[in-house]
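Visitor: Mind having a look at this structure? Questions to follow.
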Amino acid sequence: MANAQPGDHALGPSGTARGFIPVDLGMGQTMYAIDRNFGFDSSWVVLARANAAMEIEELRAHRLHTALTFLNGFAPLDDGYLVAGSSYGFSNYPFVMKTDFIGSVDWYMTPIDLEYGQDQMNAVFTSGANFTCYTYPGGTFRNGMYRFNGNASQGIQSGAEIVTDF
């Protein structure tokens, strides 16, 4: 993790930012979740808070559970942020990570033993301290998925299988 001083910053080397997901904090401030990829062998999730002048005031970089991470969702909670995506390695798992307001990790969860090849958290919805997220199979068509519900203090609390073949 790194703390940033206000000013101009560049993510180097160039070409490593795979995606940016902004969250409007009001008063011109924005929190960005940035998916940084270094070939197909490693990646980092960077959380950067910018002020109204687009100066970075907080910066945190996280190497997650496996060497390669794909960032799919980022949403505000009452006391921080929810980050979601997929951790790729020998086994691929969807993940949900809760951070505080400056981007420090509070908890990290990966549901396992899911059916239908579900290896990503693809959609995240938050309301106050509560969240709902949905799984997605990377690159394939499947006949089912999962919805998980939870809260900021305890993480995922329940889940439901959703079957699409009738």
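The values are calculated or read from the model by the stated rules, or taken from the named source; none is laboratory data. Source: prediction; values computed, not measured. Here the Cβ positions follow ideal geometry from the backbone for every residue, glycine too, while neighbour counts run over all protein chains shown.
Visitor: Glu161 versus (1) modelled with pLDDT of 90 or more; (2) in a strand (DSSP E or B); (3) out of contact with any Cys (no Cβ under 9 Å at 6 or more places or on another chain); (4) under 25 Å from Leu25 (Cβ atoms): which is the lone unmet condition?
Guide: Failing condition for Glu161: (4).
Visitor: Right, something else. Using the structure shown, decide if Thr132 is β-branched (Val, Ile, Thr), under 20 Å from Asn72 (Cα atoms) and in contact with a Leu (Cβ under 8 Å, 6 or more places away or on another chain).
Guide: So Thr132 does not fit the description; no.
Visitor: Now, a different point. Looking at the range 136-156, which of its residues are part of a strand (DSSP E or B) and polar (S, T, N, Q)?
Guide: Asn149, Asn151
Visitor: Only one of these conditions is not met by Gln118: (1) farther than 18 Å from Val45 by Cβ; (2) in a loop (DSSP other than H, G, I, E, B); (3) out of contact with any Pro (no Cβ under 6 Å at 6 or more places or on another chain). Which number is it?
Guide: Of the numbered conditions (1) farther than 18 Å from Val45 by Cβ; (2) in a loop (DSSP other than H, G, I, E, B); (3) out of contact with any Pro (no Cβ under 6 Å at 6 or more places or on another chain), the odd one out for Gln118 is (3).
Visitor: Would you mind stating whether Gly85 is modelled with pLDDT under 90, farther than 13 Å from Tyr32 by Cα and of a type in the set (Gly, Ala, Ser)?
Guide: Yes.
Visitor: Another question, then. Which ones in the range 31-80 are under 24 Å from Phe125 (Cα atoms), at pLDDT below 85 and not in a strand (DSSP E or B)?
Guide: Arg63, Leu64, His65
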